[in-house]
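First up is the structure itself, then whatever we jot down about it.
The values are calculated or read from the model by the stated rules, or taken from the named source; none is laboratory data. Note that the coordinates shown come from a computational prediction; the quantities given were computed from them, not determined experimentally. Cβ atoms come from the backbone with ideal geometry, glycine included; neighbour counts cover every protein chain shown.
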Amino acid sequence: MNNMLTWYSKQAFNNIGGDYISNFAYLLRNSFKLPMYNIKHRVLTPMFFFFIFGFIHVSAFSQVKEDFSGQTFNSSGIWEGNIDQFIVNNKGQGQLNATGAGTSYISTPLVWKDSFAFSFYVKMNFAPSNNNKISMYLSGNQSDLNFSNGIMMNIGKTGDTDGVTLAVGDQMVSTIIAESGAGLFANGVDGTFSGLITEQRITIKFTNPDQTNWLVYDGPLPPGFILNSTSYFGFLMKYTSSNVKNFFIDDIFIDKYIPDTQGPVVTGVNAINLNSLQINLNEIVPEDELVDTLNYQIFNGLNDKIGIDSIKGNGLSAIIYTRSPLNNNPNRIIISGLHDKAGNLMESQELQFSLITYSSALLYDILINELLPDPTPVIGLPDGEFIELWNGSEKTLQLSQYRIQKTNVLYALPKRVFAPNEYIILVPGNEVAKWNSFPNVVGLASFPSLNNDGTSLSLIDSVGKEIHSMSYDLSSYKDNAKKDGGWSLEHSGKSGVCDGKNAYAASTDASGGTPGRENSNKSISPINLEVTGIEIIDDYNVQLCFSKTLDFSTFVTTSSFHGLNVPEFNVFSPSPVASCCILEFEESLSDGIWYEIKLFDRFQNCLGTVLKLDTIIGFGKGFQKPAPGDVFVNEILYNPATGGYDFVEFYNNTDKIFDLKGMTILNTQGNKSANITQTAFIQPKGYLAFCPSKAWLSANYKVKYPDNILEMAIPSFNSDMGNISLLDNQVVIDSFRYSDKMQNVFLSSTKGISLERVSWEQLSNNNSNWQSASTDVGGGTPGYENSQRRIFIKTDKILVKTEEHFSPNQDGFLDQFIVTYHLDKPGYILRWRVFDAAGRLIKNNNSGILTGTDGFISWDGSTDNISKALPGIYVIEFQFTHDDGSTKRERISCVLSY
């Protein structure tokens, strides 16, 4: 009996009864109490309805959920039609990608038992017309929508009165059920259509990105049809050549609808002031019932009945104004006689409430405690952004007295009690259903979108006073494996409020976050006070930034700063509590001079705690850039421990100060680069390391000199091989090709072990000039002398051994046997072999090395079969062969021990 025709009288369709509800559709239905927007009803005849839905008793039900999260357009496998003309764009949306003017469609079959709810996003980046339009089929009788007879919404006609029409028929002949929103889509479409279709009624609305709603249609099904069996849902697009990539669809969801048999329930009662209180309900109640004073009885704490003056209601809540005041003792309210839209009567409810006196939050009473900027891939939390606020005070607060600020935009918070030590989860208003298993979820009509790669947020009160502010970027996760999504950023709590961005880290909870409960990383170790950045603003001003937020209003004077060789200066901060201050000099700073200032331990953080800081900072301007050979690659970590970050270190081999700002760090493998955009001084004979997370580096390696670490994004490096180059306007200052094969062969794993330069005198791309960092120092030495560094003394002898013995145990002391050579001319080919005391060959390095006049070779104690040589005496035989026919042979001995 598929597609069976079932006809009913017109009168039968006027007897509309019952309402239907499911978890998905509940929010949709409760938001449909809207004024009609220029809706025109048309009389329909049965001739158009042989195709529609028909009713057959089947147990099968098809659910559609499509968010285009796969790599290809039809990763879900549910679509048919012109799927080769659609792609998934970089925003995770379905996008038309046709090659020329024409029509394209996609459809998916639906099998309905009775009623269903739907929601989908549509965007059209152009003014619709007869030649550039869309038909959105809610149900059609064929998969090919070009020929499908069905019920559809159409957008696109000539003129500037484009709205949406609900019609029945096909692309050739159709009858309009309703027209809505004339002019609404005159310049394009961007928003979500959602609705409900039951056996007797259709309700459809459109929601803009700013959450403004327009009702498209709310009325009976057309006379002469009823939901029936299999049909097709989909989109048919017609376009000219200029709009072949300007249609977008996303977040398509269709689910069944379940009858509602439960009456409304009061979910909360709050006293607003002495003469008013608010009740909240879980579903819409007709306004005439909601404002009827006979449905309420109020008693104060002395059990005296309180008269009701008036009531204002909006369907889901009501404010009741009393004739006499409430008191601080528990008051009572009895509520009865309310029905929902389906006609279900509520059970009488009696609730207690108290008059609440709200306090005002001070700085840090409320923290932006957790947030999820990038919810995908899903680890265990719902697929949606959230911001968690924590009331860490002992005060009872009113949430609506505060605002979230992002850049210059303010986002209002709804009226709600914010209890002491309570967590509130803020989410977009249309995503509340995703979080129904979490406590204290509050939907915002306008939600501040959280950029994946970072942004700044503030919480302010009603007069603009800051309560808490924060910023984050990808380094805030402090775990490289978690920055790509699915993990929340958690605050370390009250002890970290002065740590600024450093107070946040990726959650360690197995679900990916802890919304609504105590953070998993609340015990994060507080950071030490240190200078994190120095920027030359101009000839008279220098910005100084710290690792903590400081109170500049109470303590900063020039007595905290002692200039060693600088002009007189004043200290000021743009705001009383900040992490940066400005040094304003009375005389212009000169080019090429290195200035130094000593900082004393008179600093106190934003909570008033005195912090010790005794250091000398240096800065200057007008320093030149290095020339090739002045600065070179000295160390690289390309395969960090899981969740860690790469780092690269440079060494200044001159007696000059250089500023690397404006230069480029490049990985020629894949042409990945990072520009150095901040001041980056490197001292004479000094070191400077770059890492995306200074906090992670300090926690995992010994960082002797924090000033020698600069936090910034660097190119990613492959774990097998790659390149690191330093460029100044395309001029290569130094370049090093690394390979994991250059690591010590006896390491069980090279993960977390850096490659260190052995000698500054040898070329960067001499493989013998690189060794694994000692495991005794933690596998790396960022910002200070390498554990494997060796100094060679030049001599007139052809061969010189630096030591008589060596012990290749990775402790950083004599891990290799090194032999230097001095030749009469360059151009020899060097081959060398190792023999044990019995004369047996154990290692044959016969590939040949092209030499200069001076150089060295190293033996790490390995044999040709990559095993450790036994302790004992060994002889190394060297052969130098020149293309002019000259040859040199030398032998040298050594002792290997462990």
Filtering the range 617-658 for residues that are β-branched (Val, Ile, Thr), within 28 Å of residue 743 (Cβ to Cβ) and surrounded by 18 or more Cβ atoms within 10 Å (Cβ to Cβ) leaves a count of 4
Here, strands (runs of 3 or more DSSP E) confined to the range 815-857 with at least 2 residues that are buried (at least 18 other Cβ atoms within 10 Å of the Cβ) and either touching a Pro at 6+ places or on another chain (Cβ under 8 Å) or of a type outside the set (A, V, I, L, M, F, W, C) (or both) are 817-822
Among residues of the range 436-453, those that are surrounded by fewer than 17 Cβ atoms within 10 Å (Cβ to Cβ) and free of Cβ contacts under 8 Å to residues at least 60 places away in the same chain, counted: 2
Return yes when residue 143 is modelled with pLDDT under 95 and either basic (Lys, Arg) or in the same structural domain as residue 215 (by TED's automatic domain parsing) (or both) and no when it is not. yes
Residue 250 vs. criteria of a type outside the set (Gly, Ala, Ser), free of Cβ contacts under 8 Å to residues at least 12 places away in the same chain and either part of a helix (DSSP H, G or I) or not assigned by TED's automatic domain parsing to the domain that holds residue 344 (or both): no
Show the residue pairs that are 6+ apart or on different chains and have beta-carbon atoms under 6 Å apart, the first residue being within the range 166-186 and on the phi > 0 side of the Ramachandran plot, the second being of a type in the set (A, V, I, L, M) and modelled with pLDDT of 90 or more. 181/164
Scan the range 82-114 residue by residue and report those that are farther than 24 Å from residue 191 by Cα and either without any contact (Cβ under 8 Å) to a residue 40 or more places away in the chain or surrounded by 16 or more Cβ atoms within 10 Å (Cβ to Cβ) (or both). 84, 112, 113, 114
Can you tell me which residue in the range 769-809 is modelled with the lowest pLDDT, limited to those that are of a type in the set (Lys, Arg) and part of a loop (DSSP other than H, G, I, E, B)? 794
Is one or more of the residues making up the range 522-531 hydroxyl-bearing (Ser, Thr, Tyr) and modelled with pLDDT of 80 or more? no
Failed condition for residue 669, given (1) within 15 Å of residue 736 (Cα to Cα); (2) at pLDDT 95 or above, with all others met? (2)
Of those in the range 159-209 that are among the hydroxyl-bearing types (Ser, Thr, Tyr) and closer than 29 Å to residue 431 by Cα, the residue surrounded by the most Cβ atoms within 10 Å (Cβ to Cβ) is 194
Going through the range 666-702 in order, the residues found to be surrounded by 18 or more Cβ atoms within 10 Å (Cβ to Cβ), touching a residue at least 40 places away in the same chain (Cβ under 8 Å) and in contact with a Lys or Arg (Cβ under 8 Å, 6 or more places away or on another chain) are 666, 679, 693, 695, 696
Which one is modelled with the lowest pLDDT among residues in the range 407-435 that are crowded, with 16+ Cβ neighbours inside 10 Å and part of a loop (DSSP other than H, G, I, E, B)? 416
Inside the range 425-442, can you point out the residues that are within 20 Å of the chain's Cα centre (by Cα) and closer than 28 Å to residue 357 by Cβ? 425, 426
So, of the residues in the range 465-508 that are farther than 22 Å from residue 366 by Cβ and out of contact with any strand residue (DSSP E or B) (no Cβ under 8 Å at 6 or more places or on another chain), which turns out to be modelled with the lowest pLDDT? 480
Residues (surrounded by 15 or more Cβ atoms within 10 Å (Cβ to Cβ) and of a type in the set (S, T, N, Q)) located in the range 264-275: 270, 275
Residue check: is residue 340 within 25 Å of the chain's Cα centre (by Cα), buried (at least 18 other Cβ atoms within 10 Å of the Cβ), over 18 Å from residue 442 (Cα atoms) and not assigned by TED's automatic domain parsing to the domain that holds residue 575? no
Read through the list (1) over 34 Å from the mean Cα position of the chain (by Cα); (2) assigned to a loop (DSSP other than H, G, I, E, B); (3) modelled with pLDDT of 90 or more, then give the number of the only condition that residue 159 fails. (3)
Do we find a residue being within 21 Å of residue 673 (Cβ to Cβ), part of a loop (DSSP other than H, G, I, E, B), at pLDDT 90 or above and more than 36 Å from the chain's Cα centre (by Cα) anywhere in the range 713-730? no
Residue 278 vs. criteria surrounded by 16 or more Cβ atoms within 10 Å (Cβ to Cβ), closer than 27 Å to residue 446 by Cβ and modelled with pLDDT under 85: no
Can you name every residue in the range 388-406 that is in contact with a Phe, Trp or Tyr (Cβ under 8 Å, 6 or more places away or on another chain) and assigned to a strand (DSSP E or B)? 388, 389, 390, 391, 397, 398, 403, 404, 405
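If only one of 348, 310, 324, 360 is over 30 Å from residue 512 (Cα atoms), surrounded by fewer than 17 Cβ atoms within 10 Å (Cβ to Cβ) and either β-branched (Val, Ile, Thr) or touching a residue at least 60 places away in the same chain (Cβ under 8 Å) (or both), which one is it?
360
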